[in-house]
There are 2 protein chains.
Amino acid sequence: MRYVVGVDLGGTKTAAGVVGEDGSVLITEQIPTLNRDGGAAILDATAALVRSLVQQAAARGVVVDAVGIGSAGVINAVEGTVISATDAILGWTGTQLTAGLRQRLGLPATAVNDVHAHALGEAWLGAAAGTSTSLMMAFGTGVGGSFVVNGQPLLGHRFVGGHVGHFASPYAYHQARPLPCSCGHAGHVEAIASGPAIHSAYVREGGSAGLTDTRAVFEAARLGDELALAVISRAAAAAGQAVGGLVNILDPAVAVISGGLADSGELWWDAMERSLRAELLAPLSNVSVVRASLGASAAIVGAASLALHQY
Amino acid sequence: MRYVVGVDLGGTKTAAGVVGEDGSVLITEQIPTLNRDGGAAILDATAALVRSLVQQAAARGVVVDAVGIGSAGVINAVEGTVISATDAILGWTGTQLTAGLRQRLGLPATAVNDVHAHALGEAWLGAAAGTSTSLMMAFGTGVGGSFVVNGQPLLGHRFVGGHVGHFASPYAYHQARPLPCSCGHAGHVEAIASGPAIHSAYVREGGSAGLTDTRAVFEAARLGDELALAVISRAAAAAGQAVGGLVNILDPAVAVISGGLADSGELWWDAMERSLRAELLAPLSNVSVVRASLGASAAIVGAASLALHQY
């Protein structure tokens, strides 16, 4: 059986695992991402992480023959380069990701954006396993997603595909004005349906100043805070409406919902799903809407699947 | 060179043409769709139309070896059947489209929804020729579209993909209430951005009762009617916002805008494109937005391309 290393490189940590072509995950390891030190330092640390896994695998008689990496940022998956990244990882833009890893490791490497890797993992082994098409949408610090068709995420012509948080939402308005969005525009889904947007809405609408983050707003909601309940329900309704609209357009076999909000419990989930189903065209009314099931390992196995298929 | 017949079967008329694999269209012909007479009668009439074209081609020494049909309704493109259709074509639901044509004509037949055929035609020979991915959106009696990847429209798991008019639009509200949509829900793009929606908005907002259709509203706008100008601009902005949001998600090489409104002139187009570009993520800011170029022949050649590739 073939084995590869899958890497999930995010803004704060980099996790990796040895993954077999049957989907088994033998060993995993994690390091902080050197997000202030630039591309070369991150590649050095990532290569050291992969090398450690390769050696542990070898000690068990397992040979690793390729590396797949899912990385934050807009990734040119053909050339294996970082087209752009936010300041969350300084100096990441322009990094020769796959060439740098190949050079350091002597192994073939392949790369894709981490959200696409996440969706690929769920499509291979998780909530969408066995389906030919799946739409994954993640609601957390931001809103992102991926549409996977026959084991391949739709990357887009400029590798920008999957920005499912950046389309208009009727909910992303306050006093008839569109809420500012992280992309520089306004009125987008992410501006109302992300985790931070829930805290922002609570503060904007006069909630208790003592609640300093989204987690605290959820806690307040559990204790019966009416405003907290209202802003969470609205964010969830915005999320569900967005997913439902895209289901009408893409008609995936299954919609996979992921991210911290998807794991936050029934309050968010029920409002999200109710709103989602209210959007659906009649022939789509029975579409499966499922929670992502692989947790943190999704992007690792998704990146691994890419390496398994590429080499 | 191979030749096939491409058919565009719509609610009021059925057009067909003999199309060569180089994209040349030798002969075209058109009949009214027998939209009150049921599936068998429509198949009979369509087969007669195709037979006429096959004979005319034969007289020129050209052999037609297959038929591709783009049809109104939700079409199961694998089995060649009509999953569902509106009352615009009574008795069309359930029709064995390709089997019925094969039986009548003795030629292999393939079928797809007409909007997908339209987009395929533009992707092959029209505004998106030479690109690997294109998003076509048509704004006319309704709002529909198709995302074509490497010559294949994304049909969706239940062949419902492409319903780009049925997602939420912040513009599709009147006095804070979502406008009813043809799908039975409310607040969708089609409820504000279709042709009929422009006339409805004009009437709803107190426009002159003498204007009985969308064409008349456009005429009034040309003569300086402020309300007509406003409702057209708003519909165009809703259309552009919808296209822009989907460009962010799908990142097509090119966005093709089609339908009667796309052909209505600068008033609509300029407001549409301005709104579209205001949505785009920075790396997409230079995306090409072009008007469909094939007119009525788009679905004929698109359906033909399907037959050319399938057989």
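Every listed requirement among (1) closer than 24 Å to A:Ile75 by Cα; (2) free of Cβ contacts under 8 Å to residues at least 12 places away in the same chain; (3) over 20 Å from the mean Cα position of the chain (by Cα) is met by A:Gln310 save one, (2). Residue count for the range A:109-144 satisfying the condition of being over 30 Å from A:Thr214 (Cα atoms), among the β-branched types (Val, Ile, Thr) and away from chain B (no Cβ under 12 Å): 1.
Can you pull out the residues in the range A:170-194 that are more than 20 Å from the chain's Cα centre (by Cα), closer than 19 Å to B:Val243 by Cα and of a type outside the set (Phe, Trp, Tyr)?
A:Pro170, A:Ala172, A:Pro178, A:Gly184, A:His185, A:Ala186, A:Gly187 - these are the residues of the range A:170-194 that are more than 20 Å from the chain's Cα centre (by Cα), closer than 19 Å to B:Val243 by Cα and of a type outside the set (Phe, Trp, Tyr).
Within the range B:222-247, track down each residue that is of a type in the set (A, V, I, L, M, F, W, C), more than 18 Å from B:Glu205 (Cα to Cα) and surrounded by fewer than 24 Cβ atoms within 10 Å (Cβ to Cβ). Selection gives B:Leu223 alone.
Residues checked against (1) farther than 16 Å from B:Val74 by Cα; (2) within 11 Å of another protein chain (Cβ to nearest Cβ); (3) crowded, with 24+ Cβ neighbours inside 10 Å; (4) among the aliphatic types (A, V, I, L, M):
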{"site": "B:Ser146", "(1), (2), (3), (4)": "no, yes, yes, no"}
{"site": "B:Val160", "(1), (2), (3), (4)": "no, yes, yes, yes"}
{"site": "B:His163", "(1), (2), (3), (4)": "no, yes, yes, no"}
{"site": "B:Cys183", "(1), (2), (3), (4)": "no, yes, no, no"}
{"site": "B:His188", "(1), (2), (3), (4)": "yes, yes, yes, no"}
{"site": "B:Ala191", "(1), (2), (3), (4)": "yes, no, yes, yes"}
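Being more than 26 Å from B:Leu154 (Cα to Cα) and touching a helix residue (DSSP H, G or I) at 6+ places or on another chain (Cβ under 7 Å), is that true of even one residue in the range B:5-26? Taking every residue of the range B:5-26 in turn, at least one turns out to be more than 26 Å from B:Leu154 (Cα to Cα) and touching a helix residue (DSSP H, G or I) at 6+ places or on another chain (Cβ under 7 Å).
Restricting attention to the range B:56-67, does a residue exist that is farther than 27 Å from B:Phe147 by Cβ and in a strand (DSSP E or B)? Yes; the residues of the range B:56-67 include at least one that is farther than 27 Å from B:Phe147 by Cβ and in a strand (DSSP E or B).
Considering the range A:256-283 alone, what residues qualify as being in a loop (DSSP other than H, G, I, E, B) and among the small types (Gly, Ala, Ser)?
Across the range A:256-283, the qualifying residues are A:Gly259, A:Gly260, A:Ala262, A:Ser264, A:Gly265.
For the range A:272-287, a residue qualifies if it is surrounded by fewer than 16 Cβ atoms within 10 Å (Cβ to Cβ) and under 25 Å from B:Thr93 (Cα atoms), and the qualifying residues are A:Ala278, A:Ala282, A:Ser285, A:Asn286. Consider the range A:171-181 and keep the residues that are assigned to a loop (DSSP other than H, G, I, E, B) and not aliphatic (A, V, I, L, M). The one that is nearest to the other protein chains (Cβ to nearest Cβ) is A:Tyr171. Just one of the numbered conditions (1) part of a helix (DSSP H, G or I); (2) more than 30 Å from A:Ile31 (Cα to Cα) is not true of A:Asn286: (1).
Rundown of residues vs (1) assigned to a strand (DSSP E or B); (2) free of Cβ contacts under 8 Å to residues at least 12 places away in the same chain; (3) over 19 Å from the mean Cα position of the chain (by Cα); (4) under 24 Å from B:Ile83 (Cβ atoms), yes/no style:
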position: B:Gly17; (1), (2), (3), (4): yes, no, no, no
position: B:Arg36; (1), (2), (3), (4): no, no, yes, yes
position: B:Arg51; (1), (2), (3), (4): no, no, yes, no
position: B:Ile69; (1), (2), (3), (4): yes, no, no, yes
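The residue that is surrounded by the fewest Cβ atoms within 10 Å (Cβ to Cβ), among those in the range A:248-271 that are on the phi < 0 side of the Ramachandran plot and within 14 Å of another protein chain (Cβ to nearest Cβ), is A:Ala253. When A:Ser305, A:Ser275, A:Ser258 are screened for being within 15 Å of A:Leu135 (Cα to Cα) and not basic (Lys, Arg), only A:Ser258 passes.
Read-outs throughout are calculated quantities, based only on the coordinates presented, and are distinct from any laboratory measurement. Since the structure is predicted, the reported quantities are computational estimates derived from the model, not experimental observations. Counting neighbours? That spans all protein chains shown, and the Cβs are built from the backbone with ideal geometry, glycine included.
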